[in-house]
């Protein structure tokens, strides 16, 4: 404490002064005290500088985004007794005891029906898929549209769904092909379409234990638009560097055909 | 969305900000927020209906303390990548200054850090912090004091002394 023994000013006053939490009359008393006590004044100035630096470093409030809303809605749908992370951890432990392989360990983490994780991962995963693969000139897909039957049979088997490539020709988009991609620690299917202008859009389809999907959600990051939705145990996301309305039109077609 | 969900969504940005100010890196902060929300939803029946933000911040503070206790008492050093991960998405005038202060914060005791952040960044009054953390006012003041002196010492140790242009 830098306060003089006979002074009524306490260290708490000095903190409150630095934090702007003092009443005006008390503030004047502290200022008079600081004028007589250079050491205390220097310390208070240092605290104020810390405050400024901390607010500068952390003060910006992150904006609420589509993921936040998806997360809250997913939490709101949970039953109160839903298995949490402890249960997942216990699941891992059981796998260890049972001698489960590393591969099955990883999927065990999400087998609890972690709809939240899927809802959070989906738009980001779809955007990344789009950014990585749609820009590829020579190898954007593993299996191209000339082998459509093979493509949908193969991808469908991997994700556990009878898959048909949606027909987007009415909106000017033709199938380029598709590839197997990782999604939420499981296999996912990606289909790519292209229009006459060379604009590409991608559809990501993965297993989603959440059956409650009733709407399209929209996310736009880094110039990439994404609509994503849940339907009958699967998660769908459609991404492209196209306008919201154009993409929504395509998403409606995809939804209608599934 | 229910009223509770709408209210949580409304305070979520500030909760995320608080988590970032406590956590070592962005992924720790995300985990904290996720854990906090899961707890809050599990206990929503026991929420008394007043000041949701303080309630959530209290839960998050306790989770952070428990987590650090579990992970070991000494906070690990931050590597450059992690420091930059926290930095992304947040506006700061001077990245060097920011890295320096973030590194210094990681050496504070988590209890002291929480009080400092609640007061300085979140703007709570001392009495409110005492109530939120369920500690006496004197403990709030001593944690604040220790945090500030520790920060000053650490930053001085870098041969850089924070300055401020006073009017």
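Obtain the nm distance between the two label points defined at residue B:3 and residue A:170 by a simple spin-label model: each point lies 7 Å from its Cα along the Cα-to-C-beta direction.
4.4
Please work out the FRET efficiency for the pair residue A:220 and residue B:109, using the Cβ-Cβ distance as r and a Förster radius of 30 Å; give the result to the nearest 0.05. Please list the in-between numbers first.
Details: r = 41 Å, r/R0 = 1.38.
Efficiency for this residue pair is about 0.15.
Compute the semi-axes of the equivalent ellipsoid of the range A:26-76, taking the square root of 5 times each eigenvalue of the Cα gyration tensor, and list them largest first in whole Å. Can you show the working numbers first?
Working: eigenvalues 383, 29, 10 Å².
Largest first, the range A:26-76 gives 44, 12, 7 Å.
Need one number for the range A:11-55: average projected area of the convex hull over its C-alpha atoms, nm².
Details: hull surface 11.6 nm².
So the mean shadow area of the Cα hull is 2.9 nm².
Taking every pair of alpha-carbon atoms in the range A:115-256, what share in percent sits in each 10 Å bin, from 0 to the bin with the longest distance?
P(r) for the range A:115-256, in whole percents per bin: 13, 48, 36, 4.
How would you order B:113-119, B:129-135 from highest to lowest mean count of nearby Cβ atoms within 10 Å?
Numbers: B:113-119: 26.0, B:129-135: 18.0.
Answer by packing, highest mean first, reads B:113-119, B:129-135.
Any chance you could run the full-extension gain for residue A:36 through residue A:139? It's 0.36 nm times the residue separation minus the Cα-Cα distance, nm to one decimal.
Values: separation 103, 0.36 × 103 = 37.08 nm, distance 7.50 nm.
Difference between extended and current length: 29.6 nm.
Given R₀ = 60 Å, FRET efficiency for residue B:51-residue A:132 by Cβ-Cβ distance, to 0.05? Walk me through the intermediate numbers first.
Values: r = 44 Å, r/R0 = 0.74.
My answer for the efficiency is 0.85.
Give me the inter-chain shielding for A:20-30: mean count of other chain Cβ atoms within 10 Å, whole number please. Walk me through the numbers before you get to the answer.
Details: counts 1, 6, 0, 0, 0, 0, 0, 0, 0, 0, 0.
Counting Cβ atoms of other protein chains within 10 Å of each residue's Cβ and averaging gives 1.
If R0 is 45 Å, what FRET efficiency do you get for residue A:66 and residue A:45 from their C-beta distance, rounded to 0.05? Intermediate values should be presented prior to the final figure.
Working: r = 44 Å, r/R0 = 0.97.
Calculated transfer efficiency: 0.55.
Run the paramagnetic zone check for residue B:135: 7 angstrom along Cα to Cβ, then residues of the range A:8-46 with backbone nitrogen under 17 Å.
Taking a point 7 Å out along Cα→Cβ of residue B:135, the residues of the range A:8-46 whose backbone N falls under 17 Å are A:12, A:15-16.
Could you please rank B:21, A:169, placing first whichever residue has the fewest other Cβ atoms within 10 Å of its Cβ?
Sorted ascending by nearby Cβ count, the order is A:169, B:21.
Rule-based calculations on the coordinates, nothing more; no lab input. In this text, all values refer to a predicted model and were calculated from it rather than measured experimentally. Glycine also receives a Cβ, built like all others from the backbone with ideal geometry; neighbour counts cover every protein chain displayed.
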